[in-house]
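Presented below is the structure to which this report refers.
The values are calculated or read from the model by the stated rules, or taken from the named source; none is laboratory data. In this text the structure is predicted, and so the values were computed from the model without any measurement. With ideal geometry, Cβ positions are generated from the backbone for all residues, glycine too; neighbour counts draw on all protein chains shown.
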Amino acid sequence: MVRWLSLPADDRPAPDAAVTLAAQGTATVEPYAARFLPALVHAAVVPVLALAALVWVDWLSALIVVLTLPLLPFFAALIGKTTQADTDRRWAALSALSGHFVDVMRGLPTLVTYGRAERQVDVIGEVSQRHRRATMRTLKLAFLSSAALELLASISVAIVAVTVGLRLTHGTIPLMTGLVAILLAPEAYWPIRRVGAEFHAAADGAEAIATLLPQLRPLDGVVPEYRGRSSVDVRAEGLSYTHPGAHRPVLTDLTLSAGPGLTVITGPSGAGKSTLLDLLAGIRRPTEGQVHTSRAHLVTQRPFLPAGTIRAALTVGGEAPDDALWSALRAVELDGFVAALPSALATSLGDEGFGLSAGQRARLAIARAILSDAPIQLLDEPTAHLDAHACEVVHSAITQLAQRHTVIVVTHRTELVALADHHVHLDPATEKVAR
């Protein structure tokens, strides 16, 4: 999960796949790694040793084993090929169930508000039934395939035993040799039978590993180059970006440089302003071109505020003295509001800052940026949906922030453009050069 979270957004798996792998996939890897792989090694070594011993003891019994032994892996592979499709369907059904359940939990307040919660209970029931049916089909195949391999191995051992018995009756083989041959014959078959039995238990683990391995490959393509502060903290050269699966680029041949102070980016909706900030922050990788930047702090249009105290929301896992916290809150005029709360900085917030208004959440995110020691601050529409007074407060905080950092702001507000040291205007799907 840490690896996934560190990947660019375009390389991350879908949320339903991530939830399924985290909740179920990790548990299914153990049977694959601890039981199936050792069984596979035994199946490659033990039958050869048993057959060599059988040749030395009784060549006729060894010949029967040589003729019948290849049938087991052949039928096991045939059954496994059939089972793989059912395993894929079951994994897809489990991913759909997990993803839908997560979506319902995330949107439950909205569903309750519009009276659609009961409908989602029925939908989850339908998805659960699909997963149950897929699981039962896989179990049915697993039992049938195990029974088929057991039957084939038993018949093969029985042929050896009958042959030895007939030869004992005619006195053409010593009793001790016959007993040793009958005891050695099952040893040549049981490792392959065990592989067949463990295969079905490990199928989900193999699917989970197949999902995980592509995410562990070395990152290719163009990634941001991070370096220390300089007179120009951000530079993009020949930057182009196309969303995965899209045919039309969002950004084409962008050249941009931004140094200390306030740089404002404007442009119509769809011009790629938010995408540009993602590229500068390293969240996305450019299709073409290079990004040279330092460590950046990104404030998105909907800043994430974890459930916890106001102090935790401001520091996000870091540490800062209370004086610094109050100074940051004072810069966005939230100090009076927080001081009036019963627990002040220790007041608990819900998910996504539940308990605060949209304007208060936006200002809290700006306060968090003020506390950040990242040399580059990227702000995406920080004053969207705010009233006039809140906009003035945020604009004032941004200008103070720009005195100590390189601040790049995406906005539609002309008031902020007037305060900017540099202004970049983006036009959709055309060459864009900073001016």
So Arg89 ticks every box in (1) surrounded by fewer than 19 Cβ atoms within 10 Å (Cβ to Cβ); (2) at pLDDT below 65 but one. Which box is left unticked?
(2)
Which residue pairs have Cβ atoms under 7 Å apart, sit 6 or more places apart or on different chains, and have a first residue in segment 324-347 that is free of Cβ contacts under 8 Å to residues at least 60 places away in the same chain and a second that is in a helix (DSSP H, G or I) and of a type in the set (Lys, Arg)?
Leu325/Arg311; Leu334/Arg363; Leu345/Arg311; Ala346/Arg311
For segment 285-310, give me each residue that is surrounded by 22 or more Cβ atoms within 10 Å (Cβ to Cβ) and more than 20 Å from Leu364 (Cα to Cα).
Pro286, Val291, Thr293
Scan of segment 363-382 for residues that are farther than 21 Å from Arg235 by Cα and more than 28 Å from the chain's Cα centre (by Cα), ordered by number:
Arg363, Leu364, Ile366, Ala367, Ile370, Leu371, Pro382
Odd one out for Ala313, checked against (1) under 30 Å from Thr293 (Cα atoms); (2) not in a helix (DSSP H, G or I):
(2)
Which of the residues belonging to segment 215-248 are modelled with pLDDT of 80 or more and in a loop (DSSP other than H, G, I, E, B)?
Thr242, Arg248
Pick from segment 118-163 the residues that are of a type in the set (Gly, Ala, Ser) and modelled with pLDDT under 75: which of them is nearest to Ile192 (Cα to Cα)?
Ser146
Need a quick list: helices (runs of 4 or more DSSP H) entirely within segment 325-423 having at least 2 residues that are touching an Asp or Glu at 6+ places or on another chain (Cβ under 9 Å).
358-371, 388-402
If you go through segment 366-392, how many residues are in contact with a Gly (Cβ under 9 Å, 6 or more places away or on another chain) and in contact (Cβ under 8 Å) with a residue 40 or more places away in the chain?
3
Can you tell me which residues in segment 137-194 are free of Cβ contacts under 8 Å to residues at least 12 places away in the same chain and either in contact with a Lys or Arg (Cβ under 7 Å, 6 or more places away or on another chain) or under 15 Å from Ala50 (Cα atoms) (or both)?
Leu179, Leu183
Taking the condition crowded, with 22+ Cβ neighbours inside 10 Å, in contact with a Lys or Arg (Cβ under 7 Å, 6 or more places away or on another chain) and in contact (Cβ under 8 Å) with a residue 40 or more places away in the chain, does Val409 pass?
no
Output for segment 277-306, where each listed residue is assigned to a loop (DSSP other than H, G, I, E, B), over 17 Å from Ser372 (Cα atoms) and either of a type in the set (Val, Ile, Thr) or not assigned by TED's automatic domain parsing to the domain that holds Glu237 (or both)
Ile283, Thr287
Given the residues Glu333, Glu381, Glu319, which is the only one that is out of contact with any strand residue (DSSP E or B) (no Cβ under 9 Å at 6 or more places or on another chain), crowded, with 16+ Cβ neighbours inside 10 Å and of a type in the set (Asp, Glu)?
Glu333
